[in-house]
Amino acid sequence: MKQTSSDGGDLGGGTPREVADKPTKGLADVVAASTALSDIDGKAGRLFYRGYDIHDLAGRTTFEETAHLLQRGSLPSRARLADYGAELARGRTLGTLVERDIPEIAERQAPMEALRTLVSLAGADDPDKDSNAPEANLRKAARLTAQQPILVARYHAARTGATLPEIDPELSIAGNFLLQITGRRPERRAAEIFDTCLVLHADHTMNASTFAARVCAATLSDMHSAIVAAIGTLKGPLHGGANEQVMRTLEGLDPRGVAQAVRDRLAAGEKIMGFGHRVYKTEDPRATHLRRMSEELAEASGDDTYYRMSREMEEVVLAEKHLYPNVDFYAATVYHYLGIPTDLFTPVFSVSRMSGWTAHVIEQHADNRLIRPDSEYIGERDQKWAPIGER
Ligand code: ACO
């Protein structure tokens, strides 16, 4: 029988705690929560948002519609989308603390650190900050989704000294983000492609950052705290940080020596960023779309070097390790061709995933129980205490 103590402490008297189940390292294959938001079939390589196949949504549904689907439970009608769009527009105000501190933050913090700080600061001015009530959570989810692209753009403008273009009400979140980051009104197709990227990254079951958000929310902490936990978790190179590392790898390789360089790295036991996935055992369905968009943008740019290098890397990693590209691999070149600076790739991920994180917080609060797993103790036992001078 499994014997536990709810506070995780030793049961005393040196009695070893019986733990029936060995932990699964990294919680692989452990079902940690129930969700109606997204579902993955890892063997077939399929992803669904609230029952809709990602292949049906990508390129046909906007990011705003997708965020509505995740946060509010359904694909919106035109009227509902207009209301939601108006709510997003009203929610763009960042608050006094952000306004005051952004110049110094931009000077001293790297992009993902800055976002962690800025979301926390924005929370201070959120009118619903002290409420976890369902209606308050819906409003905060919309505001956080509206603010995230602006925070990234404001941060980038502050560190570069560029003048931030005004939001264009005619453009989508995707279009406005490209406008504010590049300083140019994006071509229609570029905005469509970036919008599809945001749709593809919106939610992904119990990924590390979403799990972190849910653990935080399950203590009945507030949505901003949960999102700060998620941003800190997304930052790591094994998760969202991989997209930036993919671009750095491409930039560091000699285009004529890609295959050999990748083989050498694999032989040295190195991981190649942008490949492998805990859940997918075949191609990540998001990568299928991103590869296509990368090819299209590469052709349009007149220099497809990075795209060709990516294809070569993909072939080698598949042949050598039977690993497929994940969402981060082709996202890197897509963002590069769209003119987004490399160190903003992971922040871009957060712009999209904000819709999923906030939806998960809403879901967690709606049917909550503290998330508190057990652990297997592997340390010393029966230690004899001695006064400090006798150790
Ligand atoms: N390159 C080379 N080898 C790899 C890679 C890779 N990208 N990914 C996994 N492997 C190998 C491991 O070295 C390991 O080999 P071993 O059994 O011989 O030791 C085996 O495949 C299993 O790898 P794990 O790291 O144990 O697999 P896990 O399920 O824990 O990790 C992860 C999944 C973190 C995504 C992993 O594949 C990885 O590190 N990939 C690179 C980072 C990356 O692209 N992260 C983004 C993931 S998608 C996302 O979070 C948005």
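The values are calculated or read from the model by the stated rules, or taken from the named source; none is laboratory data. Quick caveat, the model's predicted, so the values are computed rather than measured. Cβ coordinates were reconstructed from backbone atoms using ideal geometry, including for glycine residues, and neighbour counts include every protein chain displayed. The accessibility values were calculated without ligands, DNA or RNA, using every heavy atom of the protein model including side chains. Shrake-Rupley method; radii C 1.70, N 1.55, O 1.52, S 1.80 Å.
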task: Could you identify the single residue in Thr346, Thr305 that is closer than 12 Å to Leu250 by Cβ and either modelled with pLDDT under 95 or β-branched (Val, Ile, Thr) (or both)?
output: Thr305
field: Count - residues of segment 320-336 that are open to solvent by 40 Å² or more (accessible area, probe 1.4 Å) and either in contact (Cβ under 8 Å) with a residue 12 or more places away in the chain or within 15 Å of Ala242 (Cα to Cα) (or both)
entry: 5
Flag for Asp284 being in contact (Cβ under 8 Å) with a residue 12 or more places away in the chain and touching a His at 6+ places or on another chain (Cβ under 7 Å): yes
message: Can you say whether Leu344 is in a loop (DSSP other than H, G, I, E, B), away from the ligand (no atom under 11 Å from the Cβ) and aliphatic (A, V, I, L, M), as far as the supplied structure shows?
response: no
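Do the conditions hold for Arg60, that is, is it in the same structural domain as Arg139 (by TED's automatic domain parsing) and either surrounded by 15 or more Cβ atoms within 10 Å (Cβ to Cβ) or touching a residue at least 12 places away in the same chain (Cβ under 8 Å) (or both)?
Details: in the same structural domain as Arg139 (by TED's automatic domain parsing): yes; either surrounded by 15 or more Cβ atoms within 10 Å (Cβ to Cβ) or touching a residue at least 12 places away in the same chain (Cβ under 8 Å) (or both): no.
For Arg60, the condition - in the same structural domain as Arg139 (by TED's automatic domain parsing) and either surrounded by 15 or more Cβ atoms within 10 Å (Cβ to Cβ) or touching a residue at least 12 places away in the same chain (Cβ under 8 Å) (or both) - is not met.
Listed here are the residues, each with its yes/no results for (1) touching a strand residue (DSSP E or B) at 6+ places or on another chain (Cβ under 9 Å); (2) part of a loop (DSSP other than H, G, I, E, B).
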| position | (1), (2) |
| --- | --- |
| Ala261 | no, no |
| Met273 | no, yes |
| Val279 | yes, yes |
| Met309 | no, no |
| Met313 | yes, no |
| Ala332 | no, no |
| Tyr335 | no, no |
field: Per-region count, segment 289-319, residues free of Cβ contacts under 8 Å to residues at least 40 places away in the same chain, open to solvent by less than 40 Å² (accessible area, probe 1.4 Å) and away from the ligand (no atom under 14 Å from the Cβ)
entry: 3
task: Test each condition in (1) open to solvent by less than 40 Å² (accessible area, probe 1.4 Å); (2) within 20 Å of Gly240 (Cβ to Cβ); (3) aliphatic (A, V, I, L, M) for Ile102 and report the one that comes out false.
output: (2)
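What helices (runs of 4 or more DSSP H), lying completely within segment 64-129, carry at least 3 residues that are in contact (Cβ under 8 Å) with a residue 40 or more places away in the chain and among the β-branched types (Val, Ile, Thr)? Write out each step before concluding.
On the way: elements: 78-90, 96-108, 111-124.
Where helices (runs of 4 or more DSSP H) fall fully within segment 64-129 and carry at least 3 residues being in contact (Cβ under 8 Å) with a residue 40 or more places away in the chain and among the β-branched types (Val, Ile, Thr), they are 96-108.
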query: Taking segment 130-142, which residues are among the polar types (S, T, N, Q) and not in a helix (DSSP H, G or I)?
result: Ser131, Asn132
message: For segment 264-287: of the residues being open to solvent by 80 Å² or more (accessible area, probe 1.4 Å) and more than 6 Å from the ligand (Cβ to nearest atom), which is nearest to Leu47 (Cα to Cα)?
response: Lys281
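Which of the residues that make up segment 245-259 are more than 11 Å from the ligand (Cβ to nearest atom), outside any loop (DSSP other than H, G, I, E, B) and not β-branched (Val, Ile, Thr)? Write out each step before concluding.
From segment 245-259, those more than 11 Å from the ligand (Cβ to nearest atom) are 247-248, 250-259; that's our starting set.
Now drop any that are not outside any loop (DSSP other than H, G, I, E, B), which leaves 247-248, 250-252, 255-259.
Selection gives Met247, Arg248, Leu250, Glu251, Gly252, Pro255, Arg256, Gly257, Ala259.
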message: I need a count of the residues in segment 185-212 that are within 11 Å of the ligand (Cβ to nearest atom) and among the β-branched types (Val, Ile, Thr).
response: 1
